[in-house]
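The values are calculated or read from the model by the stated rules, or taken from the named source; none is laboratory data. Because the structure is a prediction, the values reported are computed rather than measured. Neighbour counts run over all protein chains shown; Cβ positions are idealised from the backbone, glycine included. Protein only, heavy atoms only, side chains kept; ligands, DNA and RNA dropped before computing areas. Shrake-Rupley method; radii C 1.70, N 1.55, O 1.52, S 1.80 Å.
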Amino acid sequence: MDLVKQIQGISYSLVFGFTFTFIYSLINRLFYKYHKRIFRLILQIVIGIIFGYLYYLGLLVINNGVVRIYFIISMVIGYVLYLSLIHISEPTR
């Protein structure tokens, strides 16, 4: 795999991790007060499956669907980056 495809894969993973965390937390906030826990659990599983499939489709376009360890690390960095931005922007209580 050439350097351009690696950079594209890392960038895609970083943005995907950030975006996935944003949408997941948004949906979780919307259904937080919903009292049926099984519905929230099923919804979270379905969202995870859909986003996993979308991630694979993006990698399929970039580099024939090869998942490298540094793509996963980049996705985790995007996740942590989003959580740290949320933590900074929340007012202190």
*Quick one: in region 74-93, which of the residues that are open to solvent by 90 Å² or more (accessible area, probe 1.4 Å) and of a type in the set (A, V, I, L, M) is modelled with the lowest pLDDT?*
88
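Free of Cβ contacts under 8 Å to residues at least 12 places away in the same chain, within 28 Å of residue 4 (Cα to Cα), in a helix (DSSP H, G or I) and open to solvent by 70 Å² or more (accessible area, probe 1.4 Å): does that describe residue 60?
yes
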*asked:* Six or more apart or on different chains, Cβ atoms under 7 Å: show the pairs whose first residue is in region 71-87 and farther than 8 Å from residue 13 by Cβ and whose second is of a type in the set (A, V, I, L, M, F, W, C) and at pLDDT 90 or above.
replied: 77/14; 81/18; 82/18; 82/22
*Hey, among the residues in region 36-52 that are more than 13 Å from the chain's Cα centre (by Cα) and of a type in the set (A, V, I, L, M, F, W, C), which one's surrounded by the most Cβ atoms within 10 Å (Cβ to Cβ)?*
43
*Residue check, residue 67 against (1) open to solvent by 90 Å² or more (accessible area, probe 1.4 Å); (2) without any contact (Cβ under 8 Å) to a residue 40 or more places away in the chain, all met but one. Which one?*
(1)
*asked:* Just to be sure before I move on: is residue 1 surrounded by 10 or more Cβ atoms within 10 Å (Cβ to Cβ), in contact (Cβ under 8 Å) with a residue 40 or more places away in the chain, of a type outside the set (S, T, N, Q) and assigned to a helix (DSSP H, G or I) in the structure I sent?
replied: no
*For region 6-35, which residues satisfy the criterion of being surrounded by 10 or more Cβ atoms within 10 Å (Cβ to Cβ) and outside any helix (DSSP H, G or I)?*
31, 34
